[in-house]
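I have placed the structure first, in the form of structure tokens, so that the comments after it can refer back to it.
The values are calculated or read from the model by the stated rules, or taken from the named source; none is laboratory data. None of the values given here were measured: they were computed from a predicted structure. Glycine also receives a Cβ, built like all others from the backbone with ideal geometry; neighbour counts cover every protein chain displayed. Remember, those area values only see protein heavy atoms, side chains included, never the ligands or the DNA or RNA. Shrake-Rupley method; radii C 1.70, N 1.55, O 1.52, S 1.80 Å.
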Amino acid sequence: MCTVVIDVAEAGGSRLLAVRDEDPQRAWDSLGEWWPDRYAGVIGIRDRRAGGAWLAADPRTRRLAVLLNRADILDLPEDRVRSRGSLALESVAGRSPVAPLPMHGFNLLEVGPDAARVLSWDGEVLTETPVPTGVHMIAHDGLDDPATARIARWLPEFRAHAATTDDWDDEWIELLAASTALDPTDDAAIIRDNRPHGYPTQSLLYCVAAVGHEGLEVRGTALPVPGHW
């Protein structure tokens, strides 16, 4: 149940803020080059259990991908379900997913210097949603879905602080901090504790990234306490 805010510029290039929700008991590694043999030069946030990535980026090709879980209608036995952790890594290597997929549902945000899109898998159909210019949000449902409480609450705020200045990241992080006035169990919260909603996940970290023809920059910050600023 992660959250991404992205601003796609008319002239090309994107800036984004991504918040990761995961079970705090599931070990992970901060931003680094964890796959030198198979994905040389790629940096990402690594899941130690499955070896994949929640977020991956290749500064050489200026590609970035973020993986978000979503509900699905897949009825596969768990011993036949493949980890989704390879999706972001394969995406920045130029290999987007192709249906059918023996995986639970996901939203995969793919960002390049000219465009961004969301590939969504519900267990039966893989759909593509281009991300238009402007500021958008995505979580566990569709792009800018007003049925997602945190999108309904915070998308207008982020649109009022479009990433048009050199200080965009500071402005968005300040807005993210302001959002923590909500209790982390509130369904409109971005920094979240999802346990009351039936999931063990809590917000663990956030990343800010800029992708354009001039290059790619990304940095991550771990929260000192899961689910709290």
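Taking the criterion of being open to solvent by less than 50 Å² (accessible area, probe 1.4 Å) and either in a strand (DSSP E or B) or within 17 Å of V218 (Cα to Cα) (or both), the residues of segment 41-58 that qualify are G41, V42, I43, G44, I45, D47, A53, W54, L55, A56, A57, D58. Among the residues making up segment 118-146, those that are of a type outside the set (G, A, S), surrounded by 14 or more Cβ atoms within 10 Å (Cβ to Cβ) and farther than 22 Å from R82 by Cβ are T129, V131, T133, V135, H136, M137, I138, D141, L143, D144, D145.
The numbered conditions (1) under 15 Å from the mean Cα position of the chain (by Cα); (2) touching a residue at least 60 places away in the same chain (Cβ under 8 Å); (3) surrounded by fewer than 16 Cβ atoms within 10 Å (Cβ to Cβ) are all true for L205 except (3). Scanning segment 167-187 for residues that are closer than 19 Å to P224 by Cβ and either in a loop (DSSP other than H, G, I, E, B) or in contact (Cβ under 8 Å) with a residue 60 or more places away in the chain (or both) yields I173, L176, T180, A181, L182, D183, P184, T185.
I'd like to check something: does segment 60-69 contain any residue that is touching a Pro at 6+ places or on another chain (Cβ under 6 Å), over 19 Å from I191 (Cα atoms) and crowded, with 16+ Cβ neighbours inside 10 Å? Yes; the residues of segment 60-69 include at least one that is touching a Pro at 6+ places or on another chain (Cβ under 6 Å), over 19 Å from I191 (Cα atoms) and crowded, with 16+ Cβ neighbours inside 10 Å. Screening L205 on (1) among the aliphatic types (A, V, I, L, M); (2) over 19 Å from E10 (Cβ atoms); (3) in a loop (DSSP other than H, G, I, E, B) shows it passes everything except condition (3). Under the condition of being among the aliphatic types (A, V, I, L, M) and either over 11 Å from L109 (Cβ atoms) or open to solvent by 10 Å² or more (accessible area, probe 1.4 Å) (or both), the residues counted in segment 9-19 number 4. Can you tell me which residue within segment 147-166, out of those that are under 27 Å from A11 (Cα atoms) and part of a loop (DSSP other than H, G, I, E, B), is most open to solvent (accessible area, probe 1.4 Å)? Per the stated criteria, the residue is D166. Scanning segment 20-34 for residues that are farther than 30 Å from A162 by Cβ and surrounded by fewer than 20 Cβ atoms within 10 Å (Cβ to Cβ) yields D23, P24, Q25, R26, A27, W28, D29, G32, E33.
Listed here are the strands (runs of 3 or more DSSP E) enclosed by segment 72-144 that have at least 1 residues being touching a residue at least 40 places away in the same chain (Cβ under 8 Å) and over 19 Å from A50 (Cα atoms): 106-111, 116-121, 134-138. Annotation: of all residues in segment 70-90 being over 22 Å from L205 (Cα atoms) and basic (K, R), the one that is least open to solvent (accessible area, probe 1.4 Å) is R82.
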